[in-house]
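Before any comments, here is the structure.
The values are calculated or read from the model by the stated rules, or taken from the named source; none is laboratory data. What you see is a predicted model, and the numbers here were worked out from it, not measured in a lab. Note that each Cβ is placed from the backbone with ideal geometry, even for glycine, and that neighbours are counted across all protein chains shown.
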Amino acid sequence: PDRIIALSTETGDITARAFDVPPERVLITGYPRNDRLMGSAPPTPALQLELPRPMRDAIAAGRKVILYLPTFRDSGRPYARIDWPHLDALMERLGATFFYKFHPMDHSDLHRELNNVHEIPRDRDVYDFLGDVDVLISDYSSIIFDYMLLERPVVSYTPDPAEFLADCRALNFQPEEIATMPACKTYPELARRLEAIIQDGETGDPARFDEICGRLHRYRDGLASQRIFTALNEHPIGRTLGRGARGDGTRPPAIVFGCQKPGWGIIRALGTAGIPVVAAYYDPKDPAYVSRYVAESMVCPHPEHAQDSFHAFARGLAARYPGAALLPSNDYTLVALSNMGALPETARVAVPDAQIVARCIEKDHTYSLADSIGVRAPVTRTVTTLDEALEQAERIGYPCLLKPAVGHRFFSVLRVKMFKVTSVESLQAAWNRTAAIDGDMLIQEFIPGGDDHGVNYNALWDQGRPLTEVTAAKLRLSPRGIGFPTVVVNRYVPEIIEPARAMLAALNFHGFANVEFKRDARNGEYVLMEINPRLNQSLLLSVATGVNFAAMAYRQCLGQPIGADAAGDPYRVRRYYIDTDRDIREALKELPSGQLSLKAFLAPYFSRQVSATFSWSDPLPFFKRLAGIARPG
């Protein structure tokens, strides 16, 4: 790195050794994220409104807010050792509410049906609400350093120091070195400490607090951003940029936002068409930005949690690369790009306008449109309470689906797209799992049929009319029945073309769209499932059959002819798209029981196929992703 920022001389020395950089590259400025904590950069009202419902309710009721942030373990399983029912009763008695937030890569689900204990969505930026927390509990996390700036109680809860050091990683500070109160080793000790803090006002030794905070923080004024800006102006870095990203004068780059699996497919599709690519990613674990087809990559703000900053970043890139095409790769970046407003005159965005995006992303609006034009969609009802959900489920009939009106936020927290519920009890359990999710929920008719009843209509449209159309059939999903496609085959499905056209024409659609249907096993009728107004994850299947929708979307943005990217018969040779790791994971559950035969499982692998996760011509993203799976965090 050219520069590293640090909190103090002591932490700066540690950081310099960790990154093997000379000490003169370390800027002792403090962290910009802490400016908000110190009041110089307050959170916007929009962020406050997006707090999980239980936290908003607790703050509004004047209850003490306690937040538990355990450090990620390499096992992927938090090491809490908490008596949850006892904790719930303790919070009730103390007039407090307990929140916990695990690392996004954690696999454990410790959710309990409790009144005073709630999980924070794992994809949320804790700094959006850290300033509203009255007591922080953690173990080995450096967030303790930041929270100390608020001069509020910090509880060190370390039930597994030996295991952590043996199985996870080394520590720069022992917990007792930076604890302002004696560390808690067991849950009973933790419970007594919380009671002493909330009921008796215990805060620890003020002199020790000042001594530790002084070691960790040179500045406590909330002006870190200003110091960094000044330092970089006085001593500019001057790094040169990748030449390939600027194109050759006739080919401005495609700027792909989001470098997860869908972004990887888009980048591969663009790269094989000879289009220069700039990759903007907001999660360092993303694999696609190391692709051979990426001329330049950079970190961008989160498109939802920091949307204003994301917009400023995107406008800056558009100005830096005149004529570039801006492409989203997921719903977060899709929504953010559709809401950007004014852009540099030369900028081109491969996104429908915000109203069209909203009608596609918000499923209740999609189904309402379908109903108005006579396209069959599942019976769907919007619900906001458990009682409403139970009432509508009774009317629609079990089994039915409990799903969000806006899906991407839901999946990022719960790691499932929806819940299939078969009874009152299963609906109640599923509803309780959604407590941390803001936004409307839907009760929806379940359309019977296997994984292979799902089909796709993929097309590029221009001002309300189709330019190129292909269809495909799903064969396997993960999880089975209600998940993401793991095997897709190119197949002509004429029955879905007219209803898909009707939906997109009603929207006066422009750009790429993926319209999903499911064949009802009861009568063979195709039922609309959803519209995705962006390049979809399985687009590599179309590329393999001669229809490069990513290159077409790029050329459409630039007003160029698209014919060369859609040639030949896409159904002439059977090809499969395989999301290998997900497909194998599901197969391992089903092969032993005979639910899936070995012959059926292997058939796509011994046919012409394209992998979502590996390419011999571009292998580096696969190995980066593999390393992340083997050693997350």
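Side notes on the structure shown:
- Filtered by the rule that a residue be farther than 24 Å from residue 331 by Cβ, surrounded by fewer than 17 Cβ atoms within 10 Å (Cβ to Cβ) and either modelled with pLDDT under 95 or touching a strand residue (DSSP E or B) at 6+ places or on another chain (Cβ under 8 Å) (or both), the range 392-413 gives 395, 397, 398, 399.
- Among residues of the range 155-174 being farther than 26 Å from residue 98 by Cα and assigned to a helix (DSSP H, G or I), the one that is modelled with the highest pLDDT is 162.
- Residue identified as surrounded by fewer than 16 Cβ atoms within 10 Å (Cβ to Cβ), part of a loop (DSSP other than H, G, I, E, B) and among the small types (Gly, Ala, Ser) among 449, 524: 524
- Residues (under 23 Å from the mean Cα position of the chain (by Cα) and of a type in the set (A, V, I, L, M, F, W, C)) located in the range 307-324: 310, 312, 313, 314, 317
- Whichever residue in the range 510-521 is touching a strand residue (DSSP E or B) at 6+ places or on another chain (Cβ under 8 Å) and assigned to a loop (DSSP other than H, G, I, E, B) and, among such residues, is surrounded by the most Cβ atoms within 10 Å (Cβ to Cβ): 510
- If the condition is being among the charged types (D, E, K, R) and either exposed (fewer than 13 other Cβ atoms within 10 Å of the Cβ) or touching a strand residue (DSSP E or B) at 6+ places or on another chain (Cβ under 6 Å) (or both), then the range 174-207 contributes 176, 177, 193, 200, 205.
- In the range 338-345, the condition of being modelled with pLDDT under 95, out of contact with any Phe, Trp or Tyr (no Cβ under 9 Å at 6 or more places or on another chain), assigned to a helix (DSSP H, G or I) and not hydroxyl-bearing (Ser, Thr, Tyr) is met by no residue.
- Members of the range 373-386 found to be in a helix (DSSP H, G or I) and at pLDDT below 95, listed by number: 386
- Of everything in the range 395-411 that is in contact with a helix residue (DSSP H, G or I) (Cβ under 8 Å, 6 or more places away or on another chain) and in a helix (DSSP H, G or I), the residue that is nearest to residue 363 (Cα to Cα) is 407.
- Note on the range 419-433: among residues that are more than 21 Å from the chain's Cα centre (by Cα) and in a strand (DSSP E or B), the one that is surrounded by the most Cβ atoms within 10 Å (Cβ to Cβ) is 421.
- Qualifying residue in the range 67-77 (condition: modelled with pLDDT under 90, not assigned by TED's automatic domain parsing to the domain that holds residue 286 and not in a loop (DSSP other than H, G, I, E, B)): no
- Tabulated pairs, the range 189-215, first in a helix (DSSP H, G or I), second aliphatic (A, V, I, L, M), C-beta under 6 angstrom, 6+ apart or interchain: 191/90; 193/155; 197/135; 198/94; 198/96; 212/178; 213/148
- One residue stands out in the range 265-307 among those that are in a strand (DSSP E or B) and hydroxyl-bearing (Ser, Thr, Tyr): the one that is surrounded by the fewest Cβ atoms within 10 Å (Cβ to Cβ), namely 297.
- Sole residue being free of Cβ contacts under 8 Å to residues at least 24 places away in the same chain and either crowded, with 22+ Cβ neighbours inside 10 Å or on the phi > 0 side of the Ramachandran plot (or both), chosen from 559, 546: 559
- Taking the range 430-448 as the range and being at pLDDT below 80 and farther than 20 Å from residue 368 by Cβ as the test, the residues that pass are 435, 436, 437, 438.
- Pairs with Cβ under 7 Å, 6+ apart, first in the range 402-413 and within 18 Å of residue 380 (Cα to Cα), second surrounded by 21 or more Cβ atoms within 10 Å (Cβ to Cβ) and among the polar types (S, T, N, Q): 403/444
- Pairs meeting the criteria (first residue in the range 150-166 and farther than 15 Å from residue 185 by Cα and of a type in the set (S, T, N, Q), second residue crowded, with 20+ Cβ neighbours inside 10 Å and modelled with pLDDT of 75 or more, beta carbons under 9 Å, at least 6 apart or on different chains) are lacking.
- Residue within the range 259-268 that is touching a residue at least 60 places away in the same chain (Cβ under 8 Å) and either more than 19 Å from residue 613 (Cα to Cα) or of a type in the set (Val, Ile, Thr) (or both) present: yes
- When the criteria are applied in full, residue 505 fails the requirement of being outside the structural domain of residue 257 (by TED's automatic domain parsing), surrounded by fewer than 23 Cβ atoms within 10 Å (Cβ to Cβ) and either within 18 Å of residue 479 (Cα to Cα) or touching a His at 6+ places or on another chain (Cβ under 7 Å) (or both).
- Tally, over the range 463-472, of residues that are in contact with a helix residue (DSSP H, G or I) (Cβ under 7 Å, 6 or more places away or on another chain) and assigned to a strand (DSSP E or B): 6
- Of all residues making up the range 28-49, the number that are assigned to a loop (DSSP other than H, G, I, E, B) and modelled with pLDDT of 60 or more: 6
- Just one of the numbered conditions (1) at pLDDT 95 or above; (2) touching a His at 6+ places or on another chain (Cβ under 8 Å); (3) of a type outside the set (A, V, I, L, M) is not true of residue 268: (2).
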